[in-house]
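This report refers to the structure that appears directly beneath it.
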Amino acid sequence: MTTRVKTAQEIKAMRTSGQMLATVLKLLEKKIENGMSTKALARIAAEELTRLGGEPAFLGYQGFPDVICISINEEVVHGIPRENKIIQTGDIVGLDFGVRYQGMITDAAISVIVGRPKRMGHTRLVDDTLRALHAGITGVHDGVRTGDIGAAIQNSLLHKPYGIVRDLVGHGVGHDLHEDPNIPNYGIAQTGPWLKAGMTIAIEPMVTLGTDQVRVAPDGWTILTADGSWSAHFEHTVLITDQGSEILTQL
């Protein structure tokens, strides 16, 4: 399905959805601690979303078994919450969450270092990945092309010792969790499909301390760096406007 221009009512629903999503991620960022299982964190997300009145967009999507993806260190994305997966001090934990409200979906992710980082490079990785996300968002406007967004993300990470994951990309979002077009985190400006005001897209750089290569874990879901290097992931759902853009998934 190609992402389409949203109606005023659909945008209103996505704003509410995005606020719910941001509220849950903020709560998880506050609750996450050494010794906690990723499943315990997922339960908090599920309970808070129910309290807020939203529905989990990930649960059951193509068979995914939980409400949130929680990925640690060399796990780039799509980690399944588990009782025996224990978070430890210094871990980089990626929290990727989707919310449906009145039929409309938003999608966002943050990466959190639990307690004291194990290496200064881990702090830089997380900070630089977040900066790359905002570099991509800054260039969004009516008539932007997907290559413009990818080039902005790539250029913000140029001359830094990172791999930008190429096998996983941003995407349209709204009526479905993943809509066309794809929005790579690399590219050439003034190439790719045009986007216009009223469309909603998810921009999500995934960056590693090694190569851009990834592999799928035996569980069929978790995506790992091929070389075991640690990674970070940030994502926002963005509404394209006549003036520029509006981030729907921040408080």
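Might you let me know whether the stretch 25-42 holds any residue that is farther than 21 Å from HIS236 by Cβ and in a strand (DSSP E or B)?
Looking through the stretch 25-42, at least one residue is farther than 21 Å from HIS236 by Cβ and in a strand (DSSP E or B).
Any residue in the stretch 108-127 that is on the phi > 0 side of the Ramachandran plot sitting within a Cβ distance under 6 Å of a residue that is among the hydroxyl-bearing types (Ser, Thr, Tyr) and surrounded by fewer than 19 Cβ atoms within 10 Å (Cβ to Cβ)? List the pairs, counting only those 6 or more apart or interchain.
Filtered contacts from the stretch 108-127: GLY115/THR89.
Would you mind telling me which numbered condition in (1) crowded, with 16+ Cβ neighbours inside 10 Å; (2) more than 19 Å from GLN213 (Cα to Cα); (3) out of contact with any helix residue (DSSP H, G or I) (no Cβ under 6 Å at 6 or more places or on another chain) GLY103 fails?
(1)
Could you please find all residues in the stretch 41-61 being buried (at least 18 other Cβ atoms within 10 Å of the Cβ) and either in contact (Cβ under 8 Å) with a residue 40 or more places away in the chain or at positive phi (or both)?
Selection gives LEU41, ALA45, LEU49, GLY54, PRO56, ALA57, PHE58.
Considering only residues that are hydroxyl-bearing (Ser, Thr, Tyr) and under 14 Å from ILE92 (Cβ atoms), look in the stretch 114-158 and name the one that is surrounded by the fewest Cβ atoms within 10 Å (Cβ to Cβ).
Step one: of the stretch 114-158, the residues hydroxyl-bearing (Ser, Thr, Tyr) are 123, 129, 138, 146, 156.
Checking which are under 14 Å from ILE92 (Cβ atoms) leaves us with 123, 129.
On the way: THR123: 13, THR129: 28.
Checking each candidate, the answer is THR123.
Taking interchain pairs and intrachain pairs at least six residues apart, which have beta carbon atoms under 7 angstrom, with the first residue in the stretch 62-82 and within 23 Å of THR50 (Cα to Cα) and free of Cβ contacts under 8 Å to residues at least 60 places away in the same chain and the second of a type in the set (Asp, Glu) and outside any strand (DSSP E or B)?
Every condition considered, the pairs that remain are PRO81/ASP66.
Run down PRO181, PRO193, PRO161 and say which single residue is surrounded by fewer than 23 Cβ atoms within 10 Å (Cβ to Cβ) and closer than 22 Å to ILE72 by Cβ. Steps first, please.
Working: PRO181 fails: closer than 22 Å to ILE72 by Cβ; PRO193 fails: closer than 22 Å to ILE72 by Cβ.
Going through PRO181, PRO193, PRO161 in turn, the sole match is PRO161.
It is to be established whether one or more residues within the stretch 204-224 are under 21 Å from GLY143 (Cβ atoms), surrounded by fewer than 23 Cβ atoms within 10 Å (Cβ to Cβ), of a type in the set (A, V, I, L, M) and at pLDDT 95 or above. Spell out the reasoning first.
Kept after step one, since they are under 21 Å from GLY143 (Cβ atoms), are these residues of the stretch 204-224: none.
No, every residue in the stretch 204-224 fails to be under 21 Å from GLY143 (Cβ atoms), surrounded by fewer than 23 Cβ atoms within 10 Å (Cβ to Cβ), of a type in the set (A, V, I, L, M) and at pLDDT 95 or above.
Consider LYS26 against the criteria (1) buried (at least 16 other Cβ atoms within 10 Å of the Cβ); (2) within 16 Å of the chain's Cα centre (by Cα): it satisfies all of them except one. Which criterion is unmet?
If we test LYS26 against (1) buried (at least 16 other Cβ atoms within 10 Å of the Cβ); (2) within 16 Å of the chain's Cα centre (by Cα), just (1) comes out false.
The values are calculated or read from the model by the stated rules, or taken from the named source; none is laboratory data. Keep in mind it's a predicted model, so treat the numbers as computed, not measured. Ideal geometry is used to build each Cβ from the backbone, glycine not excepted, and the neighbour counts take in all protein chains shown.
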